[in-house]
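Working notes, beginning with the structure itself.
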Amino acid sequence: MSLVRSIATVGGWTMGSRVLGFVRDMFIAGFLGAGQVSDAFFVALQFPNIFRRLFAEGAFNAAFVPLFAGELTTHGRAAAREFAERVFGVMLVLLLALTFVVEIYMAEVMTLVAGGFADDPEKFALAVDFARLTFPYLLFVSLAAMLSGILNTLDRFVAAAAAPILLNIVLISALIAVALGWVPDPGLALSWAVLIAGIGQFIWLAIACGRAGLLPRVPRFVMGPRVRRLFALMGPGILGAGVYQINVLIGVRLASELPEGSVSFLYFADRVNQLPLGVVGAAVGVALLPLLARQLRAGDTAAAQDSQNRAIEFAMLLTVPAAAALLVIAGPVITVLFQRGAFDALDAAATSQALAAFALGLPAYVLIKALAPGFFAREDTKTPVKIAAVALILNVAVALALMPLLAHVGIALATAISAWFNAGMLGVLLYRRGLLDPDWRLLQRLARVVL
């Protein structure tokens, strides 16, 4: 399957998920507005969302796909399946232990994630209750990420790209149940729905892997050298591939110190920003990594260079105009999507300001998705993590400097600035190492896109 076709496949299904996601968020805005319950639920929702993006679109994919592709190419399907089973067994044990510990100490974890809520005991208690329901989603989404990696390596992108649609369908169904009076509490209904959706996504991908003949059998906890290699690569990859998600989590922590509604403003703005980022950025990253891994395993560096150039070209063709559009029409977009019910005009204005700030960094967020696979496909996760560490420090420093002046908008703007730094450093280092060679076609088309 060609790179453009792979990107189109992943992006098309992701677009369907994002559209349903907007329907879901329109329901949520109408029911909850931007207040105590919505702030508490969105903080709780950050746990599954952050880990979904880190694992499904970030660190796990970056580490697992090259190793699994190597096993498949070098030793065949039986060896690749055995490797997957060992990874599955180790992940299952570790995730069960993590879930158990976090459930017990959820109040302490919430203090770290949203310490500003401590001044409002009722909101803090709601956030803890909601998070206890949503956090087990991590277990299922992480195991589903491994199944997605198997399918993506086989160029079977549809099932993995369609899986997030289940989350939106279940959440929308929960809100319909609230509207019909079947469930009295919308916050609890949404939290239960997140957990149910996670179970459904795992089953969906397990069926798809079974049809491909590579569903891991009964897992065993066997930490061999290949599995240790996976986790060694994955550790720094969590920061290197997931800097945007970690920045969002930092933003939530800082926003919890601001007036009520700030967490919700950033959430709704990020949801709109996630449309081009998810459709284009995630699709480019998911499609490019296994292709680069196979080309480099085969020793075809020229083809790998061309694939990287085409990925950058395709990403900028779509995201630069999208960023310009969101800057110009942020207000009307937010008004049309969310201003109804409990979400009033003041909420829409505050959210649109955050969206414009996020949009400034949109091309950079997607460039990171196109550039990072150049390191990950070569099993180099250390370089991106060093860059990401500096970007994270920059993000916090700029956010703290801007919050007194711009409140929640300063947090969004800091995220955009740190993203441009991250993307720029990735590109410079790839170029200096001879791993990125922009051809005339790329330079010419980038100039056209900017104009």
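Given that just one value was derived from the coordinates, which of [x] 25.8; [y] 20.2; [z] 31.1 is mean projected area of the Cα convex hull in nm²?
Given [x] 25.8; [y] 20.2; [z] 31.1, the structure-derived one carries the label [y].
Leaving out ligands, DNA and RNA but keeping every protein chain, what accessible area does ASP437 have, in Å² rounded to the nearest 10, with a 1.4 Å probe?
90 Å²
Could you state the number of Å between the C-alpha centres of the stretch 382-431 and the stretch 305-319?
Here the answer is 22 Å between Cα centres.
From the protein chains alone at 1.4 Å, what is the descending order of accessible area for ARG432, ARG378, ARG441, largest first?
On the way: ARG432 190, ARG378 80, ARG441 105 Å².
Per-residue accessible area, sorted high to low, gives ARG432, ARG441, ARG378.
Calculate, for LEU112 and ALA324, the FRET efficiency according to 1/(1 + (r/R0)^6) with r their C-beta to C-beta distance and R0 35 Å; round to the nearest 0.05.
Numbers: r = 37 Å, r/R0 = 1.06.
Approximately 0.40, to the nearest 0.05.
Around ILE250, under 14 Å between beta carbons, what's the net of Lys plus Arg minus Asp minus Glu among the other residues?
Once positives and negatives cancel, what remains is -1.
Quick one: go through the stretch 408-451 and flag any residue whose amide nitrogen is under 17 Å from the point 7 Å out along the Cα-to-Cβ line of THR301.
429-439
Going by amide H atoms built from the backbone, whose H comes under 5 Å of the H on PHE343, apart from near neighbours?
For PHE343, whose amide H was placed from the backbone, the distant partners under 5 Å are GLY33.
What list of ³J(HN,Hα) couplings, whole Hz, do you get for the stretch 193-208 from phi and the Karplus terms 6.51, -1.76, 1.60, once you set θ to phi - 60° and write x for glycine and proline?
5, 4, 5, 4, 5, x, 4, x, 5, 5, 4, 4, 6, 5, 4, 5
In what order, largest first, do THR99, THR73 sit by accessible area if the probe radius is 1.4 Å?
Working: THR99 20, THR73 95 Å².
Largest accessible area first, the residues go THR73, THR99.
Once the piece of chain linking ARG228 and LEU96 is laid out straight, how much longer is it, given 0.36 nm per residue of separation minus the C-alpha distance between them?
Net length gain for the segment: 45.7 nm.
If I ignore ligands, DNA and RNA and count only protein heavy atoms, how much of THR381 is accessible to a 1.4 Å probe, in Å² to the nearest 10?
10 Å²
Using +1 on the beta carbon of Lys and Arg, -1 on that of Asp and Glu, and nothing else charged, what's the dipole of the chain about the Cα centre, debye to 20?
Dipole of the chain, to the nearest 20 debye: 1680 debye.
Return one whole number: the accessible area per residue of the chain in Å², for a 1.4 Å probe.
Ligands and nucleic acids excluded, the figure is 38 Å² per residue.
Counting only protein heavy atoms, what percent of the accessible surface of the chain is carbon or sulfur at a 1.4 Å probe?
Ligands and nucleic acids excluded, carbon and sulfur reach 69 percent.
Give me a comma-separated list of calculated 3J(HN,Hα) values for the stretch 390-407, in order, Karplus coefficients 6.51, -1.76, 1.60 applied at θ = phi - 60°, integers in Hz, x for any Gly or Pro.
5, 5, 5, 4, 4, 4, 5, 4, 5, 4, 5, 6, 8, 4, x, 8, 10, 6
What area, in nm² and to one decimal, does the C-alpha convex hull of the stretch 293-451 cast on average over all directions?
With every direction weighted equally, the projected area is 11.1 nm².
Where does each of LYS382, LYS369 land when they are ordered by accessible area, with a 1.4 Å probe and the largest first? Please list the in-between numbers first.
Numbers: LYS382 140, LYS369 30 Å².
The ordering from most to least exposed comes out as LYS382, LYS369.
Amide H to amide H, which residues 5 or more places from LEU258 or on other chains are under 5 Å from it, using H placed in the peptide plane?
Amide H to amide H, under 5 Å and 5 or more residues apart or across chains, LEU258 pairs with nothing.
Taking a probe of 1.4 angstrom, what is the accessible area of GLU260 in Å², to the nearest 10?
Spelled out: GLU260, probe radius 1.4 Å, area about 110 Å².
Through the Karplus equation 6.51 cos²θ - 1.76 cosθ + 1.60, θ set to phi - 60°, convert the phi angles of the stretch 432-440 into ³J(HN,Hα) values in whole Hz; use x for Gly and Pro.
Karplus-based 3J(HN,Hα) across the stretch 432-440 equals 5, 8, x, 9, 9, 10, x, 8, 4 Hz.
Select from ALA177, ILE165, GLY251 the residue farthest towards the positive end of the dipole of the chain; place +1 on Cβ of Lys and Arg, -1 on Cβ of Asp and Glu, and compute about the Cα centre.
It is ILE165.
Taking 2.2 N^0.38 Å as the expected size of a compact globular protein, what ratio does the Cα radius of gyration of the stretch 51-202 give against it, to two decimals?
Details: Rg = 18.2 Å, N = 152, 2.2 N^0.38 = 14.8 Å.
Normalised Rg, Cα atoms only: 1.22.
If I stretch the segment between TYR105 and ASP437 completely, what's the gain in nm (0.36 nm per residue apart, minus their alpha carbon distance), one decimal?
114.6 nm
Taking the Cβ of ARG81 as the center, what net charge do the other residues with Cβ under 11 Å away carry, scoring Lys and Arg +1 and Asp and Glu -1?
0
The values are calculated or read from the model by the stated rules, or taken from the named source; none is laboratory data. Keep in mind it's a predicted model, so treat the numbers as computed, not measured. As a convention, Cβ positions derive from the backbone with ideal geometry for all residues, glycine included, and neighbour counts pool all protein chains shown. SASA here: full protein model, heavy atoms, side chains in, ligands and nucleic acids out. Shrake-Rupley method; radii C 1.70, N 1.55, O 1.52, S 1.80 Å.
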